[in-house]
1. Filter the trypsin sites (Lys or Arg not before Pro) in the range 65-119 to those in DSSP coil with at most 13 other Cβ atoms within 10 Å of their Cβ, and list the result.
2. Using a Förster distance of 25 angstrom, determine the FRET efficiency expected from the C-beta separation of residue 23 and residue 123, and round it to 0.05.
3. Would you mind working out the magnitude of the charge dipole of the range 1-136 relative to its Cα centre, with +1 at each Lys and Arg C-beta and -1 at each Asp and Glu C-beta, to the nearest 20 Debye?
4. For residue 11, which lysines qualify as cross-link partners when the Cα separation must be under 21 Å and same-chain residues fewer than eight apart are set aside?
5. Within the range 12-62, report the trypsin sites (Lys or Arg not before Pro) that DSSP leaves as loop and that have at most 11 other Cβ atoms within 10 Å.
6. Give a quick list of chymotrypsin sites (Phe, Trp or Tyr not before Pro) in the range 34-122 that DSSP marks as loop, anything other than H, G, I, E or B, with at most 16 other Cβ atoms within 10 Å.
7. Starting from the Cα gyration tensor of the range 1-155, take the square roots of the eigenvalues, sort them a ≥ b ≥ c, and report rounded, prolate or oblate (rounded when a/c is under 1.5, otherwise prolate if a/b is larger than b/c, else oblate).
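Every number in this text was worked out from the coordinates using simple rules, so none of it is lab data. This one's a predicted model, so the numbers in the text were calculated from it and none came from an experiment. A quick note on method: Cβ atoms are made from the backbone with ideal geometry, for glycine too, and the neighbour counts reach across all protein chains shown.
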Amino acid sequence: EESDTRLIPTKANIENCLKWLVNGCQKGDSLVFYYSGHGLRQPDFNDDELDGFDETICPVDFLREGMIVDNDIYATIVKPLSEGVTLHAIVDACHSGTILDLEHVYERDKGKWIDNRPPSGVRKKTSGGIAYSISACEDNQVAADTSALNSNTMNGAMTYILIDVVRGNPDITYGDLLDQIETRIEDANQQGCFGGSRILSKLFGPNLS
């Protein structure tokens, strides 16, 4: 059990860490946000979601304190990004497809960026910076945990594959990273590593069209 209460992933601690991540960032900074845990979705009451649902992450105390909603994640770590600052987000959770509420989604099979802005016209941009997000699955999917990729312990499938790929090629580009992740995931899907549950990976970006 964690003795330092500041390191327990409560809602307050996660929110404080998100604020810390972007506080004082300046041109040339490269920020990383990584989350591996539970994710859910709830009805959208702000008319700013194409699918009518807000995506969420679940702190350990979410039953008491509530979940952290994609709108709040966007407002805390995406909107403040100034010119020259880049955010790299990796979210290994269920329903994590648009967890940063970025304006464009990259459809890898089509090779193009898709507009993720809702019909209401709500704009969710950075303040000049760039944000990328790799997620374990689409908004309407669940992510996979498995021990098939590493017999020693259970892992988030996307996390394990991503780490393995980057360790083997530290200078890999985002495009090649996505190609290798998807190839590895498809191989694992075909081998039945995920118990019949298929998972996908997508790259999301804010300012490309």
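1. Taking the range 65-119 and a limit of 13 other Cβ atoms within 10 Å, the loop trypsin sites (Lys or Arg not before Pro) found are 110.
2. 0.60
3. Roughly 460 debye, rounded to the nearest 20.
4. Once the sequence-local lysines are set aside, what remains near residue 11 is 19, 79.
5. Sparse-neighbourhood loop trypsin sites (Lys or Arg not before Pro): 27.
6. 45
7. Verdict is rounded for the range 1-155.
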